[in-house]
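Asker: First the structure, then my questions, so here it is.
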Amino acid sequence: MEEPRVTEEATIVGSLVQAYSICPRQAWLMSRQVTPDEDNVYLQLGRLIQSQAYARERKELHLGHLALDLIRREGKTLVVAEVKKSSRASGAARLQLGFYLYELKRMGIEAEGELLFPEERYREPVILDEDLEKEIEGLKKKIWALIYQPLPPQPERGKFCGKCAYNEFCWA
Ligand code: SF4
């Protein structure tokens, strides 16, 4: 089988930032477009929640390499929201949204972020302050270094393996 390669135009996208924050191996597999089992129930559940929750204000927007779940105006403020099925990986979700805010700022668009957990009826604001900006810059460098490695990091069992779409790929 031909070894999957990172293409010249490979771009770091939000889902990669989130995956890296959960597990670098997951990010590497995702970067090579290794496709997890399409029938993975957790992926289906995530899609279902995304399509149903907040339906009234839902307005997905593709902006360059960014796929934003929801975007709305609150007075003069642009709010970008990311919908997640659980707050279990809220740290990774915060970095994913921070990445969107960072990339938007580079495009000249100032925005604030909001994480939405509809099943838990919970929302969390995310502001791109200096610390978060530095964190995102560091993260992007680490992700670049990772995805140019010829082989993925070895799997390491962690609390996210159970519900990870690559579970069978790592542990079968
Ligand atoms: S199953 Fe575990 S080790 Fe494998 S990619 Fe998922 S989180 Fe990482």
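Asker: Can you sort Leu95, Leu115 from fewest to most other Cβ atoms within 10 Å of each residue's own Cβ?
Answerer: Leu115, Leu95
Asker: May I pose another question? Checking the cross-link filter: which lysines have an alpha carbon closer than 20 Å to that of Lys163, excluding same-chain neighbours under 8 positions apart?
Answerer: Lys84, Lys85
Asker: Using only the alpha carbons of region 116-172, determine the length spanned along each of the three principal axes and report them from longest to shortest in whole angstroms.
Answerer: Answer, in whole Å and largest first: 38, 32, 13 Å.
Asker: Sorted by mean Cβ packing within 10 Å, highest first, what order do the peptides 15-24, 119-128, 85-94 take?
Answerer: 15-24, 85-94, 119-128
Asker: What are the extents of the Cα atoms of region 87-127 along their three principal axes, in Å, largest first?
Answerer: Extents along the principal axes, in whole Å: 33, 16, 12.
Asker: Once the piece of chain linking Lys76 and Arg157 is laid out straight, how much longer is it, given 0.36 nm per residue of separation minus the C-alpha distance between them?
Answerer: Roughly 24.7 nm would be gained on extension.
Asker: Sticking with this structure for a sec: Just grab the label-to-label distance for Arg123 and Ser15, each label 7 Å out from Cα along the Cβ direction, in nm (one decimal).
Answerer: 2.5 nm
Readers should treat all values here as calculations from the given coordinates under stated rules, not as data from a laboratory. Keep in mind that what you see is a predicted model, and the values were worked out from it rather than measured. All Cβ positions, even for glycine, are placed from backbone atoms using ideal geometry, and neighbour counts span all protein chains on display.
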